[in-house]
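Laboratory data are not the source of any read-out in this text; all were calculated from the coordinates shown. These figures come from a predicted structure and were not determined experimentally. Cβ atoms come from the backbone with ideal geometry, glycine included; neighbour counts cover every protein chain shown.
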Amino acid sequence: MVLTILDPTAERDPAGRPLAERAGAPRTVALLDINKPRGDVFLDELEALLRERGVTVRRESKPTFTKPAPADLRREIAEHCDAIIEALAD
């Protein structure tokens with residue numbers, strides 16, 4: 001399987017960026033919706049793709065995009081998830 005990673009910054013001449021070292025594929029991924037418009041649409045699609053690959057997905061949500069996630073939410077994600085993806089869509 002070939003995985004293509006796209007850089008959303010629209011750089012004309014993107015700099016090479018090596019991937020971080022991985023211990024293995026994550027078993028549980030948190031999808032964090034920061035409550036900006038259409039972020040849930042992005043996360044719905046991403047969740048479907050991850051589940052197709054056998055990844056357990058936990059959906060989480062911040063109360064508002066204007067402040068950092070509450071400490072208890074960050075702690076919960078850190079304790080139960082191997083990775084996190086945050087939706088920043090508008």
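Failed condition for Arg74, given (1) in contact with a Ser or Thr (Cβ under 8 Å, 6 or more places away or on another chain); (2) in a helix (DSSP H, G or I); (3) among the basic types (Lys, Arg), with all others met? In the conditions (1) in contact with a Ser or Thr (Cβ under 8 Å, 6 or more places away or on another chain); (2) in a helix (DSSP H, G or I); (3) among the basic types (Lys, Arg), Arg74 misses (1) alone. Taken over region 34-43, the criterion of being surrounded by 14 or more Cβ atoms within 10 Å (Cβ to Cβ) and assigned to a helix (DSSP H, G or I) is satisfied by Gly39, Asp40, Phe42, Leu43.
Filtered by the rule that a residue be in contact with a strand residue (DSSP E or B) (Cβ under 7 Å, 6 or more places away or on another chain), over 13 Å from Glu86 (Cα atoms) and of a type in the set (A, V, I, L, M), region 26-50 gives a lone residue, Leu50. Just checking, which of Glu79, Glu47 is among the charged types (D, E, K, R), assigned to a helix (DSSP H, G or I), closer than 19 Å to Leu3 by Cα and free of Cβ contacts under 8 Å to residues at least 40 places away in the same chain? Glu47 is the lone residue from the list that is among the charged types (D, E, K, R), assigned to a helix (DSSP H, G or I), closer than 19 Å to Leu3 by Cα and free of Cβ contacts under 8 Å to residues at least 40 places away in the same chain. Return the residue satisfying two criteria in turn: it lies in region 51-68 and is outside any loop (DSSP other than H, G, I, E, B) and polar (S, T, N, Q), and of such residues it is nearest to Cys81 (Cα to Cα). Result: Thr56.
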